[in-house]
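Engineer: Sharing a structure here in structure tokens format.
The values are calculated or read from the model by the stated rules, or taken from the named source; none is laboratory data. For clarity, every value in this text was computed on a predicted model and none was experimentally measured. Note that we place each Cβ from the backbone using ideal geometry, even for glycine, and neighbour counts take in every protein chain shown. Accessible surface areas use protein heavy atoms only, side chains included; no ligands, DNA or RNA. Shrake-Rupley method; radii C 1.70, N 1.55, O 1.52, S 1.80 Å.
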Amino acid sequence: MTQKTHHPETHDELSIAESFVLLSLEWPVKVDPMIAWSDADFGLVGALLIDLSLSGWVDSDLKNLTLLEPKASLEPAQAMALASLRRLGQTISLDVALNVLADRVGDLRAACLASLAAKNICLTTSSPLNWDFRQLTISQARGAEAAKLRHALVGLIESDELPDPNQAALIALLHACEIIGPVLGGKSYQHWLLAYNARIDIIRRMELVGHAVVTAVSEMRLRLRTYLLDAVKEQSVVAGDNPVGASAGGAYQRSTTTWEWRAFWPEGQIVELPVSWAEITQNGDANEETNDDQYLFVHGKKDNIKIRGKNLKIKPVLEAFDEFIAFGPSAKFRFPEKALLLSSFFPRLFEVRGKLRSIGELLQVMTATGYRPGKITVSKVRQGASMMFGVQIEFARIQVLDKVYHSISLESPYLTPLRILARRVAVGKGQVAGYSDFLDHILRPPVAD
């Protein structure tokens, strides 16, 4: 009997990335959400790379991607992914490409959701949370749309028909992320997966265009799970953290080293929080805190420096990694204070002898030694919550000079869960920065050409 190619009538127009988003929202993540979210992130960026490959925009071998220049049109998410890749050069390591795109997965997923909505497939609804934040949740209507696609793929697997390239790539990605059973098999997915494992293996091996991408996705997931996520989970259990989130108000204290991620948006710019944050944000502390903090701003330094009365509180930067900053424990100074003691944070003060009588005198001495200090007051209204693995989240409305912004900050002693939670935010036209860079942007805006 001659084999036929299986072309379902429904959703033929969907890209691999759009189909992956449609199906992955159906994926249960209650057992281990951090790993589940990470798998879905790498699966989506892998789908985008395969879309770019099938449309002729990239070529790949076992280790690298090469960017090409065809005339084919692109979906918004694909164009966004390609723009990020172009900043890295024409030939890029697959591992690097996957990680760079994973760091933008919030914006990429938002673009896919918008493309699906433009095709009358609305997967999410949005409800007000606070200030300019809205919470995305899965739409009640998405089940029927996902069921159509799931039915088509299950029908293909249960037959002997040949898949088209998109179908083979999608099945290969679902298999690589180890979610093909939960996504396609229903409640008895373990039994279903065992019954059709041989057929799934045949189909995924037919996917040649993105084979290297699928392999890289699988390897990246394995490395992340083996060396990072499991280690964080074990340390979290030892430390007594709640792995599924808790309300604010617990006995959270900063560790010796604490990683932070912050993003800022101008007032009026709506920020839709990821679907995966829905349960976490619902556990937030409804109480608001209001603070007026005076920052000592020193151009070129990323340390967080606050002025409180006659005290100076310095939270030093130990390392900056992409959009994440590791801070060491805070140091406090009360004036009058020896300049020599402050030289560990401001090395030019090593040459200054004697005591500095006040913060005002400190600013004078810093200016004389070539620093560019300044003071600025930040008024903040905030709400906090605890997330999984010791991650703390803060939603805030802040006023600096005559401008109002809203912001999100995440902090944790563990970088890996922080990266996974932060990258799911669709930042859009917001600014990801520490307070020092954010204040630098406000006080010294770019000079027009």
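Yes or no, residue by residue, for (1) under 15 Å from the mean Cα position of the chain (by Cα); (2) open to solvent by less than 40 Å² (accessible area, probe 1.4 Å); (3) over 15 Å from residue 325 (Cβ atoms):
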site	(1), (2), (3)
346	no, yes, yes
352	no, yes, yes
372	no, no, yes
380	no, yes, yes
387	yes, yes, yes
400	no, yes, yes
411	yes, yes, no
426	yes, yes, yes
430	yes, yes, yes
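Engineer: Across the stretch 261-280, what is the total count of residues that are more than 15 Å from the chain's Cα centre (by Cα), closer than 14 Å to residue 392 by Cα and open to solvent by 20 Å² or more (accessible area, probe 1.4 Å)?
Structural biologist: 0
Engineer: Considering only the stretch 178-186, I want to know if a residue exists there that is at pLDDT below 70 and open to solvent by 10 Å² or more (accessible area, probe 1.4 Å).
Structural biologist: yes
Engineer: Starting from residues that are of a type in the set (S, T, N, Q) and closer than 30 Å to residue 41 by Cα, keep the ones in the stretch 281-313 and report whichever is nearest to the chain's Cα centre (by Cα).
Structural biologist: Restricting to residues being of a type in the set (S, T, N, Q) and closer than 30 Å to residue 41 by Cα, the top hit is 281.
Engineer: I'd like to check something: does the stretch 318-332 contain any residue that is of a type in the set (S, T, N, Q) and either in a strand (DSSP E or B) or in contact with a strand residue (DSSP E or B) (Cβ under 6 Å, 6 or more places away or on another chain) (or both)?
Structural biologist: Yes.
Engineer: Further, regarding this structure: Residue 150 - would you say it is on the phi < 0 side of the Ramachandran plot, of a type outside the set (A, V, I, L, M), in a helix (DSSP H, G or I) and surrounded by 15 or more Cβ atoms within 10 Å (Cβ to Cβ)?
Structural biologist: Criteria met by residue 150.
Engineer: Moving on to the next point. Which pairs do you get when a residue that is under 15 Å from residue 21 (Cα atoms), found in the stretch 122-147, comes within reach of a residue that is at pLDDT 90 or above and among the acidic types (Asp, Glu), reach meaning Cβ atoms under 8 angstrom, with the pair 6+ apart or on two chains?
Structural biologist: Pairs that qualify, where the first residue is under 15 Å from residue 21 (Cα atoms) and the partner is at pLDDT 90 or above and among the acidic types (Asp, Glu), are 136/272.
Engineer: Scan the stretch 360-380 and give yes if some residue there is touching a helix residue (DSSP H, G or I) at 6+ places or on another chain (Cβ under 7 Å), within 30 Å of residue 279 (Cβ to Cβ) and modelled with pLDDT under 90, otherwise no.
Structural biologist: no
Engineer: Identify, by number, the condition in (1) farther than 18 Å from residue 424 by Cα; (2) assigned to a helix (DSSP H, G or I); (3) at pLDDT below 85 that residue 34 doesn't meet.
Structural biologist: All conditions pass for residue 34, except number (1).
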